[in-house]
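Trainee: Have a look at this one before I ask anything.
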Amino acid sequence: AAMVQKYQSPVRVYKHPFELIMAAYERRFPTCPLIPMFVASDTVSEYKSEDEAIHVIERRCKLDIDAPRLLKKIAGVDYVYFVQKNSLNRRERTLHIEAYNETFSNRVIINEHCSYTVHPDNEDWTCFEQSASLDIKSFFGFESTVEKIAMKQYTSNIKKGKEIIEYYLKQLEEEGITFVPRWTPPVTCKSESSTSHTRRPVSPAINIPESATKEGLNNKEILNTSSSPSEPTAGTPDDKLDADYIKRYLGDLTPMQESCLIRLRQWLQETHKGKIPKDEHILRFLRARDFNIDKAREILCQSLTWRKQHQVDYILDTWNPPQVLQDYYAGGWHHHDKDGRPLYVLRLGQMDTKGLVRALGEEALLRYVLSINEEGLRRCEENTKVFGRPISSWTCLVDLEGLNMRHLWRPGVKALLRIIEVVEANYPETLGRLLILRAPRVFPVLWTLVSPFIDDNTRKKFLIYAGNDYQGPGGLLDYIDKEIIPDFLGGECMCEVPEGGLVPKSLYRTAEELENEDIKLWTETIYQSASVFKGAPHEVLIQIVDASSVITWDFDVCKGDIVFNIFHSKRAPQPPKKDSLGAHSITSPGGNNVQLIDKVWQLGRDYSMVESPLICKEGESVQGSHVTRWPGFYILQWKFHNMPACATTNLPRVDDVLASLQVSSHKCKVMYYTEVIGSEDFRGSMTSLESSHSGFSQLSAATTSSSQSHSSSMISR
């Protein structure tokens with residue numbers, strides 16, 4: 001079951017009249033020194049109309065294919081014969097060429113169609129287009145070899161085609177022939193009414209800035225005047241790509257790459273009525289899948305659906321980033337690198353990722369990153385115009401000065417991974433280079449967590465410098481001009497990127513507040529929120545299969561004081577029952593409240609406590625981990641903290657009574673996140689920190705010192 005290979009060329013424009021091009025083309029026959037494999041050709045049949053306007057000629061061409069001797073021997077042939085039928089219409093000024101193989105026609109089917117026509121906007125220019133298909137049914141078990149040979153021969157011939165015409169044009173010029181008169185009807189018969197021109201426009205949808213026309217793309221100047229001065233609407237079926245435009249705006253593509261782009265674009269125009277992505281963006285998806293047209297189409301369609309579902313275009317046009325982002329997100333655009341790529345500077349080490357996630361939620365953070373990417377696409381287009389060459393990606397400079405354990409906060413890393421995932425899927429091949437500067441000792445840990453999520457192609461573009469290495473040879477100056485190296489890296493250029501800094505806790509918001517945000521880009525959030533009542537704790541079940549796993553947690557006590565416990569049970573708890581009689585069942589819509597431990601279970605018999613209870617006060621952030629010793633069921637529990645009575649009198653103290661009255665309806669609130677990590681991954685990521693304690697104690701210590709919160713840490717040993 002071989003696949004049919006297809007090829008579609010862009011439009012090639014010759015700035016010569018049709019008749020002169022025909023004179024050049026005719027010189028290819030019967031043989032052509034520029035195509036050594038074209039050994040001979042014989043005319044099989046010929047037809048000329050009386051007025052000589054129509055000339056049809058069929059030739060049998062003998063080709064000496066450059067194939068391994070062995071293959072020729074197996075196939076039992078030395079030469080391959082093709083039939084080529086040329087139909088010239090001098091009145092309409094068109095030549096249509098149809099070719100197919102005669103040899104092995106039952107095993108291999110090759111069809112080719114070429115046309116020379118008059119340029120729709122300038123009748124002294126000629127357009128050339130070709131398309132072909134190759135279908136290998138069977139070939140003595142050598143199908144894929146034959147396919148490779150055929151493709152290779154074909155693409156090299158495509159490149160030759162233009163050279164051949166130019167070679168003969170030059171030859172004609174040397175002989176003094178620079179003009180061939182147009183066909184005119186014989187005088188004897190009554191002249192027909194003026195010829196009907198049913199031509200299709202070639203590429204009206206290309207709007208080229210003035211700067212480009214100065215570079216000798218003057219054929220576009222004429223194209224442009226034909227369309228309205230405003231940007232023409234893309235997506236008309238007649239809209240085709242022309243070879244000069246591809247070279248100028250999209251870069252040097254091989255014939256097969258051009259073909260993939262043209263076919264994918266055509267398919268989009270037919271299926272996606274309405275807005276289709278710009279050519280350079282379609283090309284990015286093709287590059288991301290090594291020009292496998294089916295795979296590229298799949299990821300491109302997923303991305304288009306995602307954009308539609310989440311109204312991405314609309315979000316970016318209408319959304320204004322909240323003030324917190326403008327103040328604390330330490331990133332921004334800064335001139336361009338030496339290759340003309342837009343440069344994005346991110347002072348990650350100065351950024352309080354935890355604070356941003358808590359104050360904004362992931363939604364707003366993701367949305368902001370998307371708006372940065374959209375801006376990047378816009379800047380690439382802009383720079384392509386300014387620098388006169390295709391620029392399709394940007395460079396990112398990440399300064400890690402200040403990176404500490406706070407950045408390894410699990411939910412923050414998780415948010416980062418999800419953002420990377422969304423960007424990888426919808427903005428492929430946009431990162432030209434990533435320069436990571438001043439990487440500290442903890443960087444390898446972050447890198448092991450993040451790198452599996454990054455595409456291999458993208459990873460090749462990373463350059464990492466520790467300490468001040470970026471100032472040495474092979475450093476920053478190789479990629480960025482001295483004049484624009486930012487001040488905080490010891491350069492002279494004032495950089496407008498915000499300084500970052502800690503987000504005040506007063507700006508943190510609860511899950512409910514974040515829930516009510518208008519547009520959702522993600523369905524589930526990282527944090528869950530729960531309500532805890534007197535007599536009704538909140539419990540979360542974690543099933544462990546591999547005995548030595550690590551359960552990690554991270555929670556904030558938003559309201560009230562609670563006791564945190566972790567239990568182990570060999571048997572599965574019953575699915576939670578909603579207590580319909582108890583008053584506490586009327587929970588707020590936002591916070592869930594689930595009990596798993598059965599009332600009849602006894603501690604020590606049905607389940608056991610694996611860590612000592614931890615009392616957590618209102619406003620605290622707690623992080624911890626527990627290395628499991630047995631498989632089975634673990635239950636994390638957040639329980640209402642009852643005020644202890646005064647030890648001496650057993651009578652409640654006034655303070656306690658007042659305090660207990662203040663806790664309205666005896667309800668506490670928690671926002672939590674849990675994750676199970678394989679112990680190898682956990683240890684691996686932690687031992688590389690070269691620290692003797694458990695990673696989470698380090699993490700919490702860092703959190704405490706950095707955010708002045710009264711964080712308590714629970715370290716499980």
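The values are calculated or read from the model by the stated rules, or taken from the named source; none is laboratory data. Source: prediction; values computed, not measured. Here Cβ is always computed from backbone atoms with ideal geometry, including for glycine, and neighbour counts include all displayed protein chains. The area values use the complete protein model at the heavy-atom level, side chains included, leaving out ligands, DNA and RNA. Shrake-Rupley method; radii C 1.70, N 1.55, O 1.52, S 1.80 Å.
Trainee: Answer yes if at least one residue in region 321-328 is touching a residue at least 40 places away in the same chain (Cβ under 8 Å), buried (at least 20 other Cβ atoms within 10 Å of the Cβ), in contact with a Lys or Arg (Cβ under 8 Å, 6 or more places away or on another chain) and in the same structural domain as Pro440 (by the TED database), and no otherwise.
Mentor: No; the residues of region 321-328 include none that is touching a residue at least 40 places away in the same chain (Cβ under 8 Å), buried (at least 20 other Cβ atoms within 10 Å of the Cβ), in contact with a Lys or Arg (Cβ under 8 Å, 6 or more places away or on another chain) and in the same structural domain as Pro440 (by the TED database).
Trainee: Is it the case that region 589-601 has a residue that's of a type in the set (A, V, I, L, M, F, W, C), open to solvent by 70 Å² or more (accessible area, probe 1.4 Å) and in a loop (DSSP other than H, G, I, E, B)?
Mentor: Yes, region 589-601 has at least one match.
Trainee: Would you pick out the residues in region 437-457 that are in contact (Cβ under 8 Å) with a residue 24 or more places away in the chain, within 22 Å of the chain's Cα centre (by Cα) and open to solvent by 20 Å² or more (accessible area, probe 1.4 Å)?
Mentor: Thr448, Leu449, Phe453, Asp455, Asn457
Trainee: To continue, here is another question. Cys495 versus (1) modelled with pLDDT under 90; (2) assigned to a helix (DSSP H, G or I): which is the lone unmet condition?
Mentor: Status for Cys495: all satisfied but (2).
Trainee: A further question on this structure: Can you pull out the residues in region 400-412 that are in a helix (DSSP H, G or I), open to solvent by less than 20 Å² (accessible area, probe 1.4 Å) and farther than 12 Å from Arg358 by Cβ?
Mentor: Hits for region 400-412 are Met405, His407, Leu408.
Trainee: Moving to a separate point now. Taking region 133-166, which residues are aromatic (Phe, Trp, Tyr) and either assigned by the TED database to the domain that holds Pro255 or not in a helix (DSSP H, G or I) (or both)?
Mentor: If the condition is that a residue be aromatic (Phe, Trp, Tyr) and either assigned by the TED database to the domain that holds Pro255 or not in a helix (DSSP H, G or I) (or both), then Phe139, Phe140, Phe142 are the ones that fit.
Trainee: With the requirement that a residue be in contact with a Gly (Cβ under 9 Å, 6 or more places away or on another chain) and at pLDDT 55 or above, what does region 628-670 give you?
Mentor: Correct list: Phe640, His641, His666, Lys667, Cys668, Lys669, Val670.
Trainee: Among the listed residues Leu253, Leu300, Leu268, Leu286, identify the single one that is closer than 30 Å to Lys152 by Cα, modelled with pLDDT of 95 or more and open to solvent by less than 70 Å² (accessible area, probe 1.4 Å).
Mentor: Result: Leu286 is the single residue among Leu253, Leu300, Leu268, Leu286 that is closer than 30 Å to Lys152 by Cα, modelled with pLDDT of 95 or more and open to solvent by less than 70 Å² (accessible area, probe 1.4 Å).
Trainee: Looking only at strands (runs of 3 or more DSSP E) that lie completely in region 24-116, which have at least 2 residues being open to solvent by 70 Å² or more (accessible area, probe 1.4 Å)?
Mentor: 38-48, 94-101
Trainee: Six or more apart or on different chains, Cβ under 6 Å: which pairs go from a residue in region 11-28 that's farther than 14 Å from Phe179 by Cα to one that's open to solvent by 20 Å² or more (accessible area, probe 1.4 Å) and aliphatic (A, V, I, L, M)? Could you list them?
Mentor: Arg12/Ala243
Trainee: Of the numbered conditions (1) charged (D, E, K, R); (2) farther than 16 Å from Arg367 by Cβ; (3) buried (at least 17 other Cβ atoms within 10 Å of the Cβ), Asp294 fails exactly one; give the number of that condition.
Mentor: Among (1) charged (D, E, K, R); (2) farther than 16 Å from Arg367 by Cβ; (3) buried (at least 17 other Cβ atoms within 10 Å of the Cβ), the lone unmet condition for Asp294 is (3).
Trainee: Right, next: Hey, any hits in region 378-388 for a residue that's in a loop (DSSP other than H, G, I, E, B), crowded, with 21+ Cβ neighbours inside 10 Å, in contact with an Asp or Glu (Cβ under 9 Å, 6 or more places away or on another chain) and modelled with pLDDT of 90 or more?
Mentor: No: zero hits.
Trainee: Tell me which residues, restricted to region 459-496, are closer than 30 Å to Asp290 by Cα and open to solvent by 20 Å² or more (accessible area, probe 1.4 Å).
Mentor: Matches in region 459-496: Arg459, Lys460, Lys461, Phe462, Leu463, Ile464, Tyr465, Gly474, Asp478, Tyr479.
Trainee: Under 7 Å between Cβ atoms, at least 6 apart or on separate chains: pull out the pairs that start in region 100-123 with a residue that is of a type in the set (D, E, K, R) and end on any residue that is not in a strand (DSSP E or B).
Mentor: Arg107/Lys137; Arg107/Ser138; Arg107/Phe139; Asp121/Ile222; Asp121/Leu223; Asp121/Ser226
Trainee: Next question, about the same structure. Can you tell me how many residues within region 418-436 are open to solvent by 30 Å² or more (accessible area, probe 1.4 Å) and closer than 17 Å to Asp313 by Cβ?
Mentor: The total comes to 1.
Trainee: Might you check whether a residue that is within 19 Å of Ile480 (Cα to Cα) and open to solvent by 30 Å² or more (accessible area, probe 1.4 Å) occurs anywhere in region 392-399?
Mentor: Yes; the residues of region 392-399 include at least one that is within 19 Å of Ile480 (Cα to Cα) and open to solvent by 30 Å² or more (accessible area, probe 1.4 Å).
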